[in-house]
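Asks: Take a look at this one; I'll ask things after.
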Amino acid sequence: MSLSLIAAACGSSSAAPSSAKSTTSGLHGSLVIATQPDLGYSALNIIDQEGWLTKAMPGVKVTWDTVNSGSTVETGMISGNIDVGAGGVAPFLLGSAKGVGWKLFSSLGDENLELVVKPQITSFKSITSSDRIAVVAPTSIQAIIMKKAAQKYLSNPNALDANLTILSHPVAYQAFKSGTIQGALDAPPFQQEEVAAGGHVLVDSYSLFGPSTFNAAWVMPSYYNSHTQIMKVLFAQIQRAMALLNDHPDQAASIISAYNQGSLSVSAATAAITSSTVRWTVTPQGYLVYGSFMKSIGLISTSPTSVRQIELPTLYGTNGN
Amino acid sequence: MSNSDATLANDKVSGADETGGDRRLWWRPPPTVRTPGSHHPLSWSKLPTLVRRLIVFAVLVAFWQMYMSVKHPNPLLFSGPAAAATAFVDGWRNGQIASATATTLEVLLIGMAIGLALGLVFTILATVSTVGKDFVMLMTAMLNPLPSIAILPLAIIWFGLNNNAMIFVIANAVAWPMAINMSTGFTTVNPTLLMAARNLGLRRWRMIKDVLLPAGLPFIMSGVKVSWAFGWRTVIAAELIFGTAGGSGGLGYYINTSQYFLKVPDVFAGLITIAIIGIAVEMLLNLFERRTVVRWGMQRA
């Protein structure tokens, strides 16, 4: 570990200034990036699938890990086994309040998350105690959105706690379709599939909090500071992937489909990438509003008062919030 | 070991013959016959069981604390004995661990009761009919290697998101190891015993009840122990996959949620609770064994 760190530090001092396409062959070291199987990580998945990092930094050993749980990413980052992790707004803020010390490296895009419910639920007041609503984790942004909705429509942020069921997105989708749960707040493409399966949108996250980041990449400042050149290359590649997602969604969709080894068709990937609920950007959004809400209901003890407190230099000047 | 002993004995016998026939040598018992632990007045095995176990426990805790003091692991990843004990006491005091434990035990005990009963029924079926035997052999071979948690998504579709789905996967996890152990118990019963029972006119049900079950009890007990472990693993894993956020989740859910909120001492408090229940059940099963198989001379204490 310390050996690779030294090697990377030596490499970065002699490295040529990097740009998206230049080869920074002087760089050495290792980089471990963790993502989860979700379209919200598309920018990183494109870089992985196309091998952009390896082409830009042949001397750096890049490892891509796909993990199935946000808490695995967190544990991996805290223990130093993962250099670049990624995840939602709420787990990031929770970890920051607990003193983990990670900082935002780049957003991976905004997403309007929708609570999809069965037709018999017409309003929040019509949710009965036997209705089950799925969210992916008790600390997920989806769980926070449910608390905000409960506060707004039922005057108590905890009013719907007993209705929440913790399910992964695919399981939630299946359970919704088979009728064992009556609502799901998950993520694309599942929220669209649930609407197609007869559900309707009861509330969306933008109407409660405004536009916000879905997933962002996080890095520990200690790694960032000792690997600034590698970090610059990675950030440039994320910007390149974002440009592809925005300007050539068809091309991006076929890469994403290939990355998912055919389990996601090109047309489905195109639909998800070009959905009106999504925006591909490196700018972090919504951290301050989510933070102050989580603090106001006692979930965290401290929340950031300015985005500069939680971002790395890559994001200075992007006007995040 | 036994081979080399035999060779050694042979050598001695032949040696003795050559040197003038000290024929007592071959039957003379080895001079150092000792029962284990009897050679020292203050030996470990002479201590009462409770004291021995407490000492082992204290050593384990000491190692735990030593790891904390030497390695200083990140408190967001690992918790020391003191913090874990505080979280344990707090969790029991505010009722969170108690209600989580009650939820888990309820599901686990129902699932295990059904699974053990099924294991028993399957074994009896396999004993009394060839079709039953074929069925049980095939099902055991197919389902026993499968982690029961793998069929949870199926159970959710069949039973919905409720305790019935969990009870189903626990029963499935328990039934097959139970059936395997029990049928091993039945098939290893001394044939003489079976012949004697047949001569006495015992058939099917009375044969099972009065001969096979008591004679196979050591295996049945080890089946229960294995099933208990399988049941625990399954219920905790199932609770990690789905739990209700409304405070009615079980221990697995409690541990998982604590981890999500980075409350590491609470994670350890949950693990300690599972460990203590494990010790309690082990003691209970040992007590039962002492009253049965040990007393009947089928198993050493």
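The values are calculated or read from the model by the stated rules, or taken from the named source; none is laboratory data. Please read these numbers as outputs of a predicted model, since none were measured by experiment. Using ideal geometry, Cβ is built from the backbone for each residue, glycine included, and neighbour counts are taken over all protein chains shown. The protein model used for the area step is the full one, side chains on, heavy atoms only, and it has no ligands, DNA or RNA in it. Shrake-Rupley method; radii C 1.70, N 1.55, O 1.52, S 1.80 Å.
Asks: What list of ³J(HN,Hα) values in whole Hz, one per residue of the stretch B:81-94 in order, does the Karplus curve 6.51 cos²θ - 1.76 cosθ + 1.60 (θ = phi - 60°) give from phi, with Gly and Pro shown as x?
Replies: x, 5, 5, 5, 5, 4, 4, 4, 5, 4, x, 6, 5, 8
Asks: Same structure, new question: Given charges of +1 on the Cβ of Lys and Arg and -1 on the Cβ of Asp and Glu, with all other atoms neutral, how large is the dipole of the protein assembly as shown about its Cα centre, in debye to the nearest 20?
Replies: Details: 40 positive and 31 negative charges, 413 e Å.
With only Lys, Arg, Asp and Glu charged at Cβ, the dipole is about 1980 debye.
Asks: Just give me a number: lysine pairs in the stretch A:114-209, eight or more positions apart or cross-chain, with C-alpha atoms less than 16 Å apart. Could you put the intermediate results ahead of the total?
Replies: Values: A:118/A:177; A:125/A:147; A:125/A:148; A:125/A:152.
For the stretch A:114-209, qualifying lysine pairs total 4.
Asks: Still on this model: Considering only protein heavy atoms, what is the solvent-accessible area of residue A:248 at a probe of 1.4 Å, reported in Å² to the nearest 10?
Replies: 100 Å²
Asks: Accessible area per residue for the protein assembly as shown in Å², computed with a 1.4 Å probe and the full protein assembly in place, what is it? Walk me through the numbers on the way to the answer.
Replies: Values: 30030 Å² over 622 residues.
The answer is 48 Å² per residue.
Asks: Heavy atoms of the protein only, probe of 1.4 Å, neighbouring chains included. What is the accessible area of residue B:288 in Å², nearest 10?
Replies: Approximately 100 Å² for this residue.
Asks: Continuing with the same structure: I want the antiparallel fraction of DSSP beta bridges within the protein assembly as shown, as a percent rounded to 5.
Replies: Details: 19 of 33 bridges.
If I count the DSSP bridges inside the protein assembly as shown, around 60 percent turn out antiparallel.
Asks: Here's something else I'd like to know. Evaluate peptide A:66-78: per residue, the Cβ atoms of other protein chains within 10 Å of its Cβ; return the mean as an integer.
Replies: Numbers: counts 0, 0, 0, 4, 1, 5, 1, 0, 5, 5, 0, 0, 5.
Rounded to a whole number, the mean comes out at 2.
Asks: What nm value, rounded to one decimal, do you get for the distance between residue A:207 and residue A:67 when each label is placed 7 Å out toward the C-beta?
Replies: The two pseudo-label positions are separated by 3.5 nm.
Asks: Taking amide H atoms as placed 1.01 Å from N in the peptide plane, list the residues 5 or more away in sequence, or in a different chain, whose amide H sits under 5 Å from that of residue A:164.
Replies: Answer set, sorted by chain and number: A:133, B:245, B:246.
Asks: Still on this structure, please answer the following. Under a plain spin-label model, where a point goes 7 Å from the Cα along Cα-to-Cβ, how far apart in nm are residue B:56 and residue A:295?
Replies: 5.1 nm
Asks: Whole angstrom only: what separates the Cα centroid of the stretch A:271-296 from the Cα centroid of the stretch B:100-115?
Replies: Measuring centre to centre over Cα atoms gives 42 Å.
Asks: Would you mind giving the mean number of other chain beta-carbons within 10 Å of the Cβ of each residue in A:162-168, as a whole number? Walk me through the numbers before you get to the answer.
Replies: Numbers: counts 5, 3, 4, 8, 12, 5, 3.
Other-chain Cβ atoms within 10 Å of each residue's Cβ, averaged: 6.
Asks: If you take the Cα Rg of chain A and divide it by 2.2 N^0.38 Å, with N the number of residues, what do you get?
Replies: Numbers: Rg = 19.9 Å, N = 321, 2.2 N^0.38 = 19.7 Å.
The reported ratio for this selection is 1.01.
Asks: What are the residues of the stretch B:158-184 that lose 20 Å² or more of accessible area, with a 1.4 Å probe, going from their chain alone to all protein chains?
Replies: Checking the loss per residue gives B:161.
Asks: Another question, if that's okay. Lysines near residue B:225 by alpha-carbon distance under 30 Å, same-chain residues fewer than 8 away left out - which ones?
Replies: Filter leaves B:46, B:133, B:209.
Asks: Rounded to the nearest 5, what is the percent of antiparallel bridges among the DSSP beta bridges in chain A?
Replies: If we restrict to bridges inside chain A, about 55 percent are antiparallel.
Asks: Quick one: with all protein chains in place, what share of the accessible area of the protein assembly as shown is carbon or sulfur, to the nearest percent (1.4 Å probe)? Each step should come with its number before you reach the end.
Replies: Values: 18380 of 30030 Å².
In the protein assembly as shown, the share of accessible area belonging to carbon and sulfur is 61 percent.
Asks: While we're on this one: Given R₀ = 60 Å, what would the calculated FRET efficiency be for residue A:316 paired with residue B:49, taking r from the Cβ atoms and rounding to 0.05? Don't skip to the answer; put the middle values down first.
Replies: Numbers: r = 66 Å, r/R0 = 1.09.
According to the calculation, E is roughly 0.35.
Asks: Dipole of the protein assembly as shown (Lys/Arg Cβ +1, Asp/Glu Cβ -1, origin at the Cα centre): which of B:104, B:91, B:285 lies farthest to the positive side?
Replies: B:285
Asks: First measure r as the distance between the Cβ atoms of residue B:134 and residue A:305, then evaluate 1/(1 + (r/R0)^6) with R0 = 60 Å and state the FRET efficiency to the nearest 0.05.
Replies: Numbers: r = 71 Å, r/R0 = 1.18.
Here the calculated transfer efficiency is 0.25.
Asks: Once amide H atoms are built 1.01 Å from N in the peptide plane, which residues 5 or more positions from residue A:181, or in another chain, come under 5 Å H to H?
Replies: Amide H neighbours of residue A:181, under 5 Å, 5+ apart: A:176.
Asks: Shifting gears a bit: Under 26 Å from the Cα of residue A:55, which lysines turn up, not counting those fewer than eight places away in the same chain?
Replies: A:21, A:232
Asks: Here's something else I'd like to know. Ignoring everything except DSSP H segments at least 4 long, calculate the 222 nm mean residue ellipticity for chain A; use -39,500 (n - 2.57) per segment, divide by total residues, nearest 500. Please report the intermediate quantities before stating the final value.
Replies: Working: 14 runs with 136 residues, N = 321.
Value at 222 nm, helices only, nearest 500: -12500 deg cm²/dmol.
Asks: Next up: Between residue B:277 and residue A:222, what's the calculated FRET efficiency when r is the beta-carbon distance and R0 is 51 Å? Round to 0.05.
Replies: Numbers: r = 41 Å, r/R0 = 0.80.
Calculated value: 0.80.
Asks: In a shell of Cβ-Cβ distance under 12 Å around residue B:289, excluding residue B:289 itself, what net charge do Lys and Arg (+1) and Asp and Glu (-1) give? Mind dumping the intermediate values first?
Replies: Details: positive: B:225, B:290, B:291, B:295, B:300; negative: B:282.
Cβ neighbours under 12 Å give a net charge of +4.
Asks: Hey, another quick one. Compute the distance in nm between two label points, each set 7 Å from the Cα along the Cα-to-Cβ direction, one at residue A:196 and one at residue B:109.
Replies: For residue A:196 paired with residue B:109, the spin-label model returns 4.7 nm.
Asks: What does the accessible area of residue B:59 come to, in Å² to the nearest 10, when a probe of 1.4 Å is used?
Replies: Roll a 1.4 Å probe over it and residue B:59 shows about 70 Å².
Asks: Hey, got a sec? Which trypsin sites (Lys or Arg not before Pro) in the stretch A:231-321 land in a DSSP loop and have at most 12 other Cβ atoms within 10 Å?
Replies: none
Asks: Cross-link partners among aspartates and glutamates for residue A:61, C-alpha distance below 19 Å, same-chain residues fewer than 8 apart left out?
Replies: Leaving aside aspartates and glutamates fewer than 8 places away in the same chain, those within reach of residue A:61 are A:48, A:50, A:83.
Asks: Per residue of the stretch A:239-248, what does 6.51 cos²θ - 1.76 cosθ + 1.60 with θ = phi - 60° give for ³J(HN,Hα)? Whole Hz please, x for Gly and Pro, Karplus curve as stated.
Replies: 4, 5, 5, 4, 4, 5, 4, 7, 9, 10
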